[in-house]
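The values are calculated or read from the model by the stated rules, or taken from the named source; none is laboratory data. Please read all numbers here as calculations on a predicted model, not as lab measurements. Don't worry about glycine lacking a Cβ; one is built from the backbone with ideal geometry, like all the others, and counts go over all protein chains shown. Each accessible area value is taken on the protein alone, full model and side chains, heavy atoms only, with ligands, DNA and RNA left out. Shrake-Rupley method; radii C 1.70, N 1.55, O 1.52, S 1.80 Å.
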Amino acid sequence: MQSQGHDMSLDAVPGQMRAKRFLKQLIQTGQIPHALLFSGMAGIGKAHLAKEFAKVLNCLEPAAADSCDRCASCRKIDGGLHPDLLWITSEGVFIKLDQVRDLRKRIQYRPFEGAYRVIVMEDARKLREEAANALLKILEEPPKKHIFILLTLEPQMLLPTIVSRCCHVRFQPLEDTQVEQELMRTCQLQPTRAREIARLAEGSMERAKWLVEENRIAHWKEILGHLENLHNLSMIEFFDLTARWAKQSDDLEQDFLCIKLWLRDIILARLVKDHRPAFELNQIPAGIRDTSMEYLFSLYDQIEEAVQHLRGNANKQLTLEGVCLAIKDSSYGQSSWDSFSQRR
């Protein structure tokens with residue numbers, strides 16, 4: 001995002017006050033580590049802040065531990081034209097050994113025109129093992145005036161030896177109001193619609209912008225209808241529904257996210273007096289509403305497990321059947337609770 005007017009670059013990044021404060025302290029003290037690890041959920045500003053930090057490090061007219069956002073260096077970085085900002089992404093599924101070898105050759109020389117060469121590795125969990133080991137050797141003996149910024153969802157997705165050589169900066173989900181304001185600014189949404197999407201985005205701008213796309217919200221409301229009606233279905237109707245659902249879904253993992261939000265609303269409605277639900281909960285089946293909290297938490301964990309199985313290429317229909325059977329059981333009693341793990 002190009003900042004406007006007199007906004008300084010770091011301050012133009014929505015949210016992440018702790019991360020921005022920490023990075024400014026590094027600039028002020030001059031104690032800049034050779035490697036930083038930015039971790040946190042997708043769509044909360046890790047890549048944006050990495051770019052803005054590169055601007056600060058190379059700004060020709062810095063002020064107050066931030067960039068001017070106007071000089072030739074800042075403009076080049078904004079335009080993706082600065083020779084000392086290297087952005088490494090996966091080639092296909094992985095970040096490969098050849099990419100790290102090529103990086104090693106490029107960092108043998110001093111920065112071309114900036115004070116620092118900044119290397120941003122997007123989605124560092126995609127490093128193949130041999131590429132990760134090659135990167136580790138670079139981080140063990142980093143060249144001067146080179147700053148590495150690794151981006152990942154969770155630090156445990158990386159080799160512990162790589163994590164140990166990085167200064168870890170944790171990013172937080174954005175506040176609903178921050179997401180809402182960004183949606184109004186960047187997508188020209190009306191306040192009511194921006195507010196509805198922000199509540200469903202769980203602090204992620206990436207997810208919010210995904211939800212803005214045509215019919216996403218309508219599709220999620222259709223899923224809620226399925227969930228609220230599960231307890232009324234015969235088993236034949238149940239298996240017909242899950243078969244059609246699995247076949248027609250573009251992204252079953254996102255569908256499971258919708259189910260998790262729905263269940264979280266049900267849990268929080270019982271735990272928090274003034275909880276504001278993400279969804280309008282029209283018809284919560286009595287069984288779900290009255291079942292034990294232990295069961296609800298267990299069900300939430302089962303859905304999270306199902307997501308992991310999907311990522312491991314599990315059968316979509318069987319995985320969906322398992323989740324829906326567990327929800328249906330909560331309405332009819334827990335007689336077939338074991339069906340979830342068996343069917344999966």
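Tabulated results
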| read-out | value |
| --- | --- |
| Residues of region 218-235 satisfying the condition of being open to solvent by less than 70 Å² (accessible area, probe 1.4 Å) and part of a helix (DSSP H, G or I) | Ala218, His219, Trp220, Ile223, Leu224, Gly225, His226, Leu227, Glu228, Asn229, Leu230, His231 |
| In region 44-72, residue farthest from Asp84 (Cα to Cα) [restricted to those that are open to solvent by less than 10 Å² (accessible area, probe 1.4 Å) and small (Gly, Ala, Ser)] | Ser67 |
| Residue among Met17, Met41 that is among the aliphatic types (A, V, I, L, M), farther than 23 Å from Leu81 by Cβ and modelled with pLDDT of 90 or more | Met17 |
| In region 236-250, residue nearest to Ala306 (Cα to Cα) [restricted to those that are open to solvent by less than 60 Å² (accessible area, probe 1.4 Å) and not hydroxyl-bearing (Ser, Thr, Tyr)] | Ala246 |
| Options Pro83, Pro33; residue that is of a type outside the set (Lys, Arg), touching a Phe, Trp or Tyr at 6+ places or on another chain (Cβ under 8 Å), at negative phi and open to solvent by 10 Å² or more (accessible area, probe 1.4 Å) | Pro83 |
| Qualifying residue in region 254-265 (condition: surrounded by fewer than 16 Cβ atoms within 10 Å (Cβ to Cβ) and free of Cβ contacts under 8 Å to residues at least 60 places away in the same chain) | no |
| Test set (1) open to solvent by less than 50 Å² (accessible area, probe 1.4 Å); (2) modelled with pLDDT under 85; (3) of a type outside the set (D, E, K, R); (4) within 27 Å of Asn315 (Cα to Cα) - Asn215 fails condition number | (1) |
| Odd one out for Asp11, checked against (1) open to solvent by 30 Å² or more (accessible area, probe 1.4 Å); (2) modelled with pLDDT of 95 or more | (2) |
| Selection within region 120-135 - in contact with a helix residue (DSSP H, G or I) (Cβ under 7 Å, 6 or more places away or on another chain) and among the aliphatic types (A, V, I, L, M) | Val120, Leu127, Ala131, Ala132, Ala134, Leu135 |
| Selected residue (only one of Glu206, Glu180, Glu175 is closer than 30 Å to Arg21 by Cα, crowded, with 19+ Cβ neighbours inside 10 Å and of a type outside the set (Gly, Ala, Ser)) | Glu180 |
| Qualifying positions in region 236-254 - under 21 Å from the mean Cα position of the chain (by Cα), farther than 23 Å from Leu183 by Cα and part of a helix (DSSP H, G or I) | Leu252, Glu253 |
| Glu140 being open to solvent by 80 Å² or more (accessible area, probe 1.4 Å), over 29 Å from Thr29 (Cβ atoms) and charged (D, E, K, R) | no |
| Selected residue [touching a residue at least 24 places away in the same chain (Cβ under 8 Å) and more than 21 Å from the chain's Cα centre (by Cα)] from Leu60, Leu97, Leu81, Leu37 | Leu97 |
| Residue ID - surrounded by the most Cβ atoms within 10 Å (Cβ to Cβ), chosen from residues in region 187-200 that are without any contact (Cβ under 8 Å) to a residue 40 or more places away in the chain and part of a helix (DSSP H, G or I) | Ala198 |
| Number of positions in region 311-334 that are at pLDDT 85 or above and more than 17 Å from Leu230 (Cβ to Cβ) | 3 |
